[in-house]
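Okay, structure first, notes after.
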Amino acid sequence: NAGVMQNPRHLVRRRGQEARLRCSPMKGHSHVYWYRQLPEEGLKFMVYLQKENIIDESGMPKERFSAEFPKEGPSILRIQQVVRGDSAAYFCASSLDGILGLMNTEAFFGQGTRLTVV
Amino acid sequence: GENVEQHPSTLSVQEGDSAVIKCTYSDSASNYFPWYKQELGKRPQLIIDIRSNVGEKKDQRIAVTLNKTAKHFSLHITETQPEDSAVYFCAASNDYKLSFGAGTTVTVRA
């Protein structure tokens, strides 16, 4: 099992461009989460998806940000018209079940995508 | 929502000494408390976790304690080694959402 795979690892975008971040969950996991980490801060929850459905997007800005997890293929976090404040590390995590800690369910994190907006 | 505070923000210890990191949480509904270790440029990795029906859990040199009444939990690393140097994050959850502390940078001096 290759673990949670994110690509690209590093992404540089000019202000106003679009950023697309991809995440392939661990094999057999249908629950995907996106977190954002600003320098020297903890991870902040953005969105929780379960195959083809957005369950909770309360941590995601309502404008410019969107996420999907299609039936086939990776989960995508899309940021339109990026601004300098979007520069951060974006981590994806996946789990076997949607209740963490239950029956030893844990969230496995990917390596992250470090987005730099210039 | 849940608010998790973590202290200290940095911790320097001599190799072989113990390290203790403390966290408090605000939501009494939280029932799952994992600890993640993140090395520079790498993914956060779960090192130990505890559920609210347990007061203490130990795994070799790492232990976690939980006080539900006071809403705080702590990570204890004994006999620290240079490879323990990393950023450690505590988190709290009552379902799928993890609320993280701001992290503690631990440096183990040889």
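The values are calculated or read from the model by the stated rules, or taken from the named source; none is laboratory data. Quick caveat, the model's predicted, so the values are computed rather than measured. Neighbour counts run over all protein chains shown; Cβ positions are idealised from the backbone, glycine included. Remember, those area values only see protein heavy atoms, side chains included, never the ligands or the DNA or RNA. Shrake-Rupley method; radii C 1.70, N 1.55, O 1.52, S 1.80 Å.
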Checking buried surface per residue: for region B:60-99, which residues lose a minimum of 40 Å² accessible area in the protein assembly relative to the chain alone (1.4 Å probe)?
B:D95, B:Y96, B:K97, B:L98
Which three numbers, in whole Å and largest first, are the semi-axes of the equivalent ellipsoid of region B:49-110 derived from its Cα gyration tensor as √(5λ)?
23, 15, 9
Using a/c under 1.5 as the rounded threshold, could you call the protein assembly as shown rounded, prolate or oblate? The axes a ≥ b ≥ c are square roots of the C-alpha gyration tensor eigenvalues, and prolate needs a/b larger than b/c, oblate otherwise.
prolate
For region A:1-110, state which trypsin sites (Lys or Arg not before Pro) are in a DSSP loop and have at most 12 other beta carbons lying within 10 Å of their beta carbon.
A:R9, A:R14, A:R15, A:K27, A:K62, A:K71
Please express the Cα-Cα pair-distance distribution P(r) of region A:1-92 as a list of whole percents, one per 5 Å bin, running from 0 to the bin with the greatest distance.
3, 14, 25, 27, 19, 9, 3, 0
What percentage of all Cα-Cα pairs in region A:27-78 are separated by more than 17 Å?
36
If you take the C-alpha gyration tensor of region B:1-70, multiply each eigenvalue by 5 and take the square root, what semi-axes do you get, largest first, in whole Å?
22, 15, 13
Summed buried accessible area for B+A [probe radius 1.4 Å, Å², rounded to 100]
1900
Keeping all protein chains in place, calculate the accessible area per residue for the protein assembly as shown (probe 1.4 angstrom), answer in Å².
50
Scalar couplings 3J(HN,Hα) for region B:34-39 by Karplus 6.51 cos²θ - 1.76 cosθ + 1.60 (θ = phi - 60°), nearest whole Hz, x for Gly and Pro, are x, 10, 10, 10, 10, 7
With all protein chains present, how much of the accessible area of chain B (probe radius 1.4 Å) comes from carbon and sulfur, to the nearest whole percent?
45
